[in-house]
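What follows is a short report on a single structure.
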Amino acid sequence: MVAACETKNDAVVGICELDGRQRSLSQLKNNSPRPYICNLAVDKKYRQQGILGKAFVRYCENVARDEWMESYLYLKVRVGNEIAMNMYRKLGYSVMEDDNEESSLSWKQSLEQRKGIDAEEQTIVLLRKMLKEPR
């Protein structure tokens, strides 16, 4: 995990985790975990300044490419999170596939039973960026 702190009082203003996630069954020919960004969060005061979120992502890209020798970096994001989707697109990420269709369907049905929640905006998609040419 990486954390950013404000220098005046050492308050944590953002965090980001990079870990290795097990590949799907269709990708098991390569048994190594794939690098995956998760839990990227920035304090509201520091959002949309074009600095911290991008810095976290770039740090993770550097670790995955230069230390882990990986060609791709993955993350999941809710379609309705337009700010995050735009940031990831600007950084070169593209949608690979919808998350597991069965779990997405049950998630949507559960959300639709609650008032005021748009299930389509809660759909989770898998994003990927090529960091270097695959070996």
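Values quoted throughout were computed directly from the atomic coordinates according to the rules given, and no laboratory measurement underlies them. It should be emphasised that the depicted structure is a prediction, and the values quoted were computed from it without experimental measurement.
Under 5 Å from the amide H of Glu70 lie the amide H atoms of Arg65, each residue being 5 or more positions distant or on a separate chain, with H modelled from the backbone and absent for Pro and chain starts. Which pairs, out of Lys8/Lys129; Lys44/Lys90; Lys76/Lys132; Lys45/Lys129; Lys8/Lys90; Lys44/Lys132, put more than 26 Å between their alpha-carbon atoms? With Cα atoms farther than 26 Å apart: Lys8/Lys129; Lys45/Lys129; Lys8/Lys90; Lys44/Lys132.
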